[in-house]
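S.K.: I'd like to ask some things about the structure below.
Any read-out appearing in this document is the output of simple, stated calculations on the displayed coordinates, not a laboratory observation. Predicted model only: the values in this text are computed from it and were never measured. Here the Cβ is made from the backbone with ideal geometry for all residues, glycine too, and neighbour counts use every protein chain on show.
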Amino acid sequence: MLSLSSDSSPSRSPSPSPSTSSDDRYRAPSPMANVPSSFASSVSPPGLSTFHADLATSPITGGFESQMHMSHPSFTSQLRTQSVGSKYLRRQSSSVDEDAVHDTLSPTHVSPAQLYSTESGRLFHAGKICIVLVGLPARGKTHLAVSLTRYLRWLGVKTHAFHLGDYRRGHIAPGTEVPDDYFLVNASPSTVILRQRVMAACKADVYRFFEEDRGQVAIYDAVNPTSAGRRVLVKELNQRGIQTLFIESICDRPEIIEANVRSVKISSPDYIGWDEKEAIRHYLKRISDKIPHYETLDEPEFSYIKLYNAGERILLNNSRVGYLPNRIVFYLMNLHIKAGCVYFARAGKSTEPRPRYKSDPHLSDEGRTYARILTDTLLEHRRSEHSARGADGDNSPERELIVWTSTRRRTVETAAEFEKRGFSCRQRPQLSQMHPGSCDGLSQQELEKQFPGEVELHKKDPYRHRFPRAESYHDLAVRLEPVILEMERIPNDILIVAHVSVLRVLYGYLMACSTFDIPELDFESNEIVEIIPSAYNNKVKRIKIYGVEESETL
Amino acid sequence: MGGYSFQVENVQICVIMVGLPARGKSLIAQKIVRYLTWLSIRAKCFNVGNYRRLETAHPTAEFFDVNNSEGERLRKMAAEAAIRDMFRWFDEDLGVVGILDATNTTKSRRNWILELCRKRNVEPMFVESWCDDEDLIMQNIMDVKTTSPDYIGQDPEKAALDFRNRIRNYEKVYETISERDLTYVKLINVGSQVIINRIQSYLESRIVYYLMNLHIKPRCIWLSRHGESAFNLTGKIGGDSDLSARGREYARQLPQLVKLSVGNRPLTVWTSTLKRTQQTAKYLPYRQLTWKALDELDAGQCDGLTYEEIENRYPEDFAARDENKYEYRYPGGESYRDVVVRLEPIIMELERQENIMIVTHQAVLRCIYAYFMNVPQDQSPWMEVPLHTLIKLEPKAYGTEVTRIKADIPAVSTYREKGQSAKIKSK
């Protein structure tokens with residue numbers, strides 16, 4: 001019998017059932033309901049993808065509005081005090097050290113790499129899309145849903161994943177258990193009714209996401225095993241003006257399936273407290289119960305992507321929904337289930353106390369010492385992690401470490417010690433810090449004296465505001481996209497040595513941070529930040545570097 | 001590609017085209033070469049047909065009949081010659097991506113090439129173009145094949161018919177790729193279905209993504225620099241100055257110039273975030289988008305100086321730039337190579353789009369032009385791109401047609417020849 005106690009330990013406990021959450025629905029504060037006219041006029045042009053473009057302007061007046069409507073003074077404070085209650089089932093998250101990929105987006109959310117806003121809130125002129133996942137359990141569907149959500153949100157596509165499993169768990173009152181035959185195909189009528197209620201609740205949220213929250217992409221994470229069922233779903237969605245894109249995850253290698261089950265068991269709320277072997281057996285039985293009635297995608301009129309063995313083979317059919325499927329396929333080609341860890345470290349101190357961008361200074365002696373200690377600390381940390389895993393019974397080999405730096409001297413020289421010890425180091429110009437423009441080398445006081453108006457504007461929207469001739473965090477996010485994709489593809493562990501502005505953006509991607517949090521993220525100069533990917537959430541660990549002082553932003 | 005340095009990963013890839021004649025293989029092959037070369041990845045196409053033509057200049061369809069043993073022998077020889085040259089290029093010229101452009105329609109032929117690649121430690125990647133749309137095929141034949149060297153001097157109708165028969169011979173032995181352990185991309189009916197199998201590296205995924213974004217709909221791209229700016233008048237580089245009076249005149253005349261060239265076709269205008277391009281595009285009645293990536297090459301410490309001042313203050317830098325203008329990076333600034341890296345998303349987007357007009361700056365324009373016109377790195381930074389000129393690019397089957405439309409408004413020249421000292425003030 002499945003026991004689902006909802007009061008189990010991890011911080012991510014499932015929220016109460018949907019019927020109660022509708023009472024604490026998040027409602028946007030009324031000032032935001034009136035979107036300023038600069039946005040009302042930017043209507044989606046036909047047949048155009050404007051990826052990487054900035055805000056659309058009215059051609060005749062030529063005015064360039066660089067301030068998003070988020071700069072409304074009261075909005076910032078309101079969002080910061082946003083209550084945890086939401087209209088959808090979601091896992092709680094309250095700090096930036098928690099992966100926010102499962103959080104609900106507010107109706108007026110603007111993404112880190114989003115390039116423009118439209119009145120409808122929908123980008124790429126693709127309208128409303130429901131990505132319907134298809135596949136047996138333990139095929140990595142949820143991992144796919146989570147990763148896709150992270151990536152699409154990052155691009156500015158308002159995305160939310162709806163995991164049917166969460167609704168099932170949410171529909172069972174705390175203390176009671178799921179009926180024995182819940183996962184069986186020929187269940188009793190009362191179980192069938194329960195299942196239908198669960199599905200209806202999920203669908204209701206999906207529609208609310210589209211209709212009320214101006215959502216663009218909903219990812220419906222469920223098995224969807226029969227062709228008939230899928231056709232009914234497509235018809236229902238089409239009636240509401242929602243296009244569908246199916247993504248089927250197919251696995252014919254048992255070792256992948258078992259590895260999935262093992263990692264799913266660790267992260268999924270379903271099996272908290274179970275014995276590992278029991279859990280795997282139970283899970284595999286769930287799978288085999290469904291197999292006789294599973295029909296692979298074969299409907300030629302559907303737009304679909306078939307993903308075989310976690311990306312070994314990809315089939316794209318009939319991409320009528322335009323830009324997005326190509327982008328998704330590109331992402332999928334590079335996505336790995338077993339991604340390596342990412343370490344973030346700052347560059348060492350340079351010969352200039354406040355290093356100017358234009359002068360590109362070298363590391364000082366103190367900086368070189370830091371570089372050595374950094375190398376020792378990280379390698380020691382990796383050694384101890386590896387032996388800890390071995391003690392746990394995980395004998396997988398240590399993943400190779402590679403180092404990425406920018407082309408600026410401080411970062412290259414910080415990584416020099418790694419290079420000396422034989423690690424592969426690569427310089428990437430996109431990892432250069434945010435260009436300071438006219439503010440290069442200015443102290444805060446000098447900044448306030450020379451550009452008082454700009455400082456004010458910057459306070460209102462630190463993410464998107466550009467000082468004269470400078471870049472904004474947003475520009476940085478756009479610039480870093482190839483780095484992000486390559487990071488997903490590489491199975492190695494990666495150490496990124498870069499300026500704190502770059503680290504903030506990359507961290508923001510991996511932890512699905514909002515545009516409010518990214519400019520404020522902390523990267524101490526005596527810390528290495530480690531991000532460990534996992535199927536459901538990325539986790540953060542901070543590794544202290546001893547023997548190095550904390551200091552101001554370099 | 002973003003600084004993909006092949007020093008770290010010494011990968012060599014052989015892209016093997018597969019498909020019946022008139023499926024756009026050569027077009028795809030040449031676009032891949034152009035794209036990768038622009039990103040400073042050494043790429044070269046080896047067209048087996050060209051090697052075959054050295055021996056047999058005007059074959060009829062019978063030459064390609066499988067049962068014609070003499071024809072078979074000659075065609076195999078041509079393939080061998082092409083592959084030999086390709087491997088020599090990998091070794092001697094440090095090639096990274098070599099493209100074998102031939103039909104390669106049988107499993108046995110593909111296996112043969114596969115073995116050769118594996119022996120040489122070159123990663124094979126197959127690209128199959130599969131099409132059963134008769135209209136598309138016929139159009140391809142009419143556009144390209146009737147003007148092929150194989151049919152010089154012949155009546156186009158007859159040539160088309162003969163070519164159709166040639167294809168029929170290939171069809172008899174065609175085996176589409178189905179070997180699951182190969183790395184391949186299958187483009188079916190110009191991308192209505194795409195099958196991607198066993199992609200091994202980021203470079204391969206980038207090539208696949210590029211292929212998925214290509215389309216063959218006819219369209220044009222218009223390029224223009226901003227109008228003459230205040231900095232142009234004083235000879236200063238960089239900055240964010242306004243347009244001069246003559247520049248403003250160009251902005252006023254531009255809509256008419258564009259209308260004459262574009263006609264009634266839909267158009268979108270892309271500008272940079274600097275004032276001078278936005279002021280130039282101000283009167284254009286089309287949808288506009290600003291792109292940070294279209295901003296001028298960052299001159300770092302030299303921003304706001306004239307060439308003369310740069311030559312005086314940083315004489316070594318000034319000379320070094322002349323030595324290798326593509327690689328030279330201004331201290332605290334960018335190089336042409338850096339600009340190409342940041343322009344890559346623009347190029348990808350341009351491939352997807354239809355009619356676009358770009359109002360940008362000298363260095364950026366040179367890079368975009370170099371992509372479409374396949375201008376090598378030692379020449380692209382020295383190209384002359386005068387102010388107040390609209391350049392129209394029309395990509396066609398095997399090349400791009402260029403038209404320069406000059407507005408009748410004089411402007412200073414911002415052009416400096418290689419080796420020319422800036423100290424001699426030119427009027």
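S.K.: Can you spot the aspartates and glutamates whose alpha carbon is less than 12 Å from A:LYS539's alpha carbon? Ignore those fewer than 8 places along the same chain.
M.R.: A:ASP97, A:GLU98, A:ASP99, A:GLU530
S.K.: Near the amide H of A:SER424, under 5 Å away, which other amide H atoms are found, from residues 5 or more places off or on another chain, if H is placed in the peptide plane?
M.R.: A:VAL403
S.K.: Can you work out the Karplus-derived ³J(HN,Hα) for every residue in region A:541-547? Use 6.51 cos²θ - 1.76 cosθ + 1.60 with θ = phi - 60°, whole Hz, and x for glycine or proline.
M.R.: Computed from phi, the couplings for region A:541-547 are 9, 10, 9, 7, 9, 7, x Hz.
S.K.: With 10 angstrom as the radius, rank A:GLU366, B:GLU249 by how many other C-beta atoms surround their C-beta, starting from the fewest.
M.R.: On the way: A:GLU366 15, B:GLU249 19.
Neighbour counts put them in this order, fewest first: A:GLU366, B:GLU249.
S.K.: Continuing with the same structure: Return the single residue from B:THR389, B:THR277, B:THR56 with maximal mean-square fluctuation; model: Gaussian network over chain B, springs between Cα atoms under 10 Å.
M.R.: With Cα springs under 10 Å in chain B, the top fluctuation among B:THR389, B:THR277, B:THR56 is at B:THR56.
S.K.: Can you tell me the FRET efficiency between B:GLU394 and B:ASP135 if r is taken as the Cβ-Cβ distance and R0 is 30 Å, rounded to the nearest 0.05?
M.R.: 0.85
S.K.: Region B:244-277 to region B:345-402: how many Å between their Cα centroids?
M.R.: 16 Å
S.K.: As an exercise, identify the chymotrypsin sites (Phe, Trp or Tyr not before Pro) in region A:474-554 lying in DSSP coil whose Cβ has no more than 13 other Cβ atoms within 10 Å.
M.R.: Taking region A:474-554 and a limit of 13 other Cβ atoms within 10 Å, the loop chymotrypsin sites (Phe, Trp or Tyr not before Pro) found are A:TYR546.
S.K.: Under 5 Å between amide H atoms, partner at least 5 residues away or on a different chain: which partners does A:SER350 have, H built in plane at 1.01 Å?
M.R.: The answer is A:SER364.
S.K.: Could you state the number of Å between the C-alpha centres of region B:168-232 and region A:411-446?
M.R.: After rounding, the separation between the Cα centres reads 35 Å.
S.K.: Which whole-Hz couplings ³J(HN,Hα) result when phi for each residue of region B:262-279 is put into the Karplus expression 6.51 cos²θ - 1.76 cosθ + 1.60, θ = phi - 60°, listed in order with x for Gly and Pro?
M.R.: Couplings: 7, x, 9, 5, x, 8, 10, 10, 10, 10, 8, 8, 7, 4, 5, 6, 5, 5 Hz.
S.K.: Let me ask something additional. Taking the Cα-to-Cβ direction at B:LEU161 and at B:GLU309 and moving 7 Å from each Cα, how far apart do the two end points lie in nm?
M.R.: Result for the modelled spin labels: 7.3 nm.
S.K.: Checking the cross-link filter: which aspartates and glutamates have an alpha carbon closer than 18 Å to that of A:LYS306, excluding same-chain neighbours under 8 positions apart?
M.R.: List returned: A:ASP221, A:GLU248, A:ASP252, A:GLU295, A:ASP298, B:GLU179, B:ASP181.
S.K.: Amide H to amide H under 5 Å from A:THR244: which residues, 5+ apart in sequence or cross-chain, H placed 1.01 Å off N in plane?
M.R.: Amide H neighbours of A:THR244, under 5 Å, 5+ apart: A:CYS130.
S.K.: Of all DSSP beta bridges in region B:67-208, what percent run antiparallel (nearest 5)?
M.R.: So the antiparallel bridges in region B:67-208 amount to around 50 percent.
S.K.: As an exercise, identify the GluC sites (Glu not before Pro) in region B:285-323 lying in DSSP coil whose Cβ has no more than 11 other Cβ atoms within 10 Å.
M.R.: When the GluC sites (Glu not before Pro) of region B:285-323 are filtered for loop state and at most 11 Cβ neighbours within 10 Å, nothing remains.
S.K.: Simple spin-label model, 7 Å along Cα-to-Cβ: A:LEU379 to A:GLU278 in nm?
M.R.: Spacing of the two 7 Å Cα→Cβ label points: 4.5 nm.
S.K.: Per residue of region B:244-254, in order, report the coupling 6.51 cos²θ - 1.76 cosθ + 1.60 (Karplus, θ = phi - 60°) as ³J(HN,Hα) in whole Hz, putting x for Gly and Pro.
M.R.: Coupling constants for region B:244-254: 7, 4, 5, x, 5, 5, 4, 4, 6, 7, 4 Hz.
S.K.: Once the other residues with Cβ under 12 Å from the Cβ of B:ASN355 are scored (Lys, Arg +1; Asp, Glu -1), what is the net sum?
M.R.: +3
S.K.: Taking the Cβ of B:GLU323 as the centre, find all other residues whose Cβ is under 12 Å away and add up their charges (Lys, Arg: +1; Asp, Glu: -1).
M.R.: Working: positive: B:ARG321, B:LYS325, B:LYS418; negative: B:GLU316, B:ASP317, B:ASP322, B:GLU327, B:ASP378.
My count for the surroundings of B:GLU323 gives -2.
S.K.: Under a crude label model (7 Å from the Cα following the beta-carbon direction), how far is A:ALA187 from A:HIS336 in nanometres?
M.R.: Between A:ALA187 and A:HIS336, the label points sit 3.8 nm apart.
S.K.: Turning to a different aspect of this structure: Taking every DSSP beta bridge with both residues inside chain B, roughly what % is antiparallel (nearest 5)?
M.R.: Here the antiparallel bridges make up roughly 35 percent for chain B.
S.K.: Tell me, how many Å apart are the Cα centres for region B:309-330 and for region B:82-147?
M.R.: Cα centroid to Cα centroid, the span is 42 Å.
S.K.: Taking every DSSP beta bridge that has both residues in region B:218-376, what percent is antiparallel when rounded to the nearest 5?
M.R.: 15 percent
S.K.: Could you pull out every one of the aspartates and glutamates with an alpha carbon less than 14 Å from that of A:LYS158, ignoring same-chain neighbours closer than 8 positions?
M.R.: A:ASP103, A:GLU119, A:GLU211, A:GLU212, A:ASP213
S.K.: Just to confirm the number: angle between the C-alpha axis of helix B:156-173 and the first principal axis of chain B, 0 to 90 degrees, nearest 10?
M.R.: 60 degrees
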